[in-house]
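The values are calculated or read from the model by the stated rules, or taken from the named source; none is laboratory data. Note that the structure is a prediction, hence the values are computed from the model and not measured. Cβ: placed from backbone, ideal geometry, glycine included. Neighbour counts: every protein chain shown.
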Amino acid sequence: METLYKKCRDALSWPFTSSAGGPGDVEMSHLLGTDDRINIVDVGPSFSQQNFPAYELILTPQRVISTFAFLTLVFIAIGVGFASEDVQIVDGYETDCIPEQYRSDKVSYMQSSGNKTCYRTLKVSKRMKKPICVYYQVENFFQNHLRYVKSRSDQQLKDPKYENEVDACKPEDKTNGKPIVPCGLIAWSLFNDTYKFFRDEQQLAVNKRGIAWKSDRENNFGKNVFPKNFQNSTLKGGASLNASIPLSEQEDLIVWMKTAALPTFKKLYGKIEVDLEPDDVIQVILENNYNTYSFNGKKKLVLSTTSWIGGRDVLDNLCFIFGGLCFFLAVALTSVQFCVKPRILGDPSYLQWTLIEDGT
């Protein structure tokens, strides 16, 4: 066996040349029984013979438990840290902004032409650094319903030449025989509550520029597409649009048309570009126009600061904390297995590849 190995090693020794008949040619007649010769191109002995140095981690119980324990601390710290870093004020107003005499029939009140102005007072408990994001939160609104999601025309939103592409937008496709731009149930149900903020009788400006994604403004909504025949039917679903402003600049519409995956969602209304100090009292004048009462929905006004990862999101925090708990469970189970019924480990020093040398 050793003699055969030496013959193979000598026959395949490096370096070789690629020119026929050269000094690097290897005669294999003593192995193959023929006079054939082979030429092998030199690509380096380490690569071709797989002699590169390498390291393979040996997963001992101590290393596994230490890794899981480290990930447990990281995930829980991230989840708790993000939850405590942001300051948030939440005000639910869907009931308080209905006059008491109409609370037994809220839908009729919302469908009436009466005054929907409502006054709210918010108190700041912690310092809120600018920019302060203003959100509206809607609950029990299923924007992920298949018919609702498909009720739009992306081609129409991008290019005016596709103005008549409204087949997918029914029932909000045409009015008086003319196409609606933008068409569909999503645009038709545009949120139309409005908010004004005052501190010490001075109004706080709400910046509504830059609240939509730049990619949506530039790629999904045309700069030369203008609203036409929008909310002109008898039944209005939500806010109206300025017909002199292109869709790429109607950022309230762009934000709303990015449909949510869950029935409870919040969308960016604008940003307050000043700091709010502790114990500041914020007076809010809002127009309670959006009818969530017909489907037992709820509305909330949310003021929130942001961190480097964005605004506060309870779901993200819970995901990190849940991930940390999963790693903690892995640590516990691995430790129990290692302590109660340990597995006998082999000697890692034998886990190496040793080339056979001459005479061995």
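So is residue 170 assigned by TED's automatic domain parsing to the domain that holds residue 226, modelled with pLDDT of 90 or more and not hydrophobic (A, V, I, L, M, F, W, C) or not?
Numbers: assigned by TED's automatic domain parsing to the domain that holds residue 226: yes; modelled with pLDDT of 90 or more: no; not hydrophobic (A, V, I, L, M, F, W, C): yes.
Judged against the criteria, residue 170 is not a match.
It is to be established whether one or more residues within segment 294-308 are within 26 Å of the chain's Cα centre (by Cα), of a type outside the set (S, T, N, Q), in a loop (DSSP other than H, G, I, E, B) and farther than 30 Å from residue 174 by Cβ. Checking segment 294-308: at least one residue is within 26 Å of the chain's Cα centre (by Cα), of a type outside the set (S, T, N, Q), in a loop (DSSP other than H, G, I, E, B) and farther than 30 Å from residue 174 by Cβ.
Look at segment 97-119: where a residue is in the same structural domain as residue 296 (by TED's automatic domain parsing) and of a type in the set (Lys, Arg), no partner that is assigned to a helix (DSSP H, G or I) and modelled with pLDDT under 90 sits 6+ places away or on another chain with Cβ atoms under 7 Å.
As an exercise: evaluate residue 84 against (1) modelled with pLDDT under 80; (2) in contact with a Cys (Cβ under 7 Å, 6 or more places away or on another chain) and give the number of the one condition it does not meet. Result: residue 84 fails condition (2) only.
Would you mind stating whether residue 136 is of a type outside the set (S, T, N, Q), in the same structural domain as residue 268 (by TED's automatic domain parsing) and surrounded by fewer than 18 Cβ atoms within 10 Å (Cβ to Cβ)? So residue 136 does not fit the description; no.
Restricting attention to segment 69-101, the residues that are more than 28 Å from residue 324 (Cα to Cα) and touching a Ser or Thr at 6+ places or on another chain (Cβ under 7 Å) total 1.
Within segment 251-260, one or more residues are in contact with a helix residue (DSSP H, G or I) (Cβ under 6 Å, 6 or more places away or on another chain), closer than 30 Å to residue 154 by Cα and either of a type in the set (Gly, Ala, Ser) or crowded, with 20+ Cβ neighbours inside 10 Å (or both). Scanning segment 70-123 for residues that are exposed (fewer than 14 other Cβ atoms within 10 Å of the Cβ), more than 29 Å from residue 317 (Cβ to Cβ) and basic (Lys, Arg) yields a single hit, 103.
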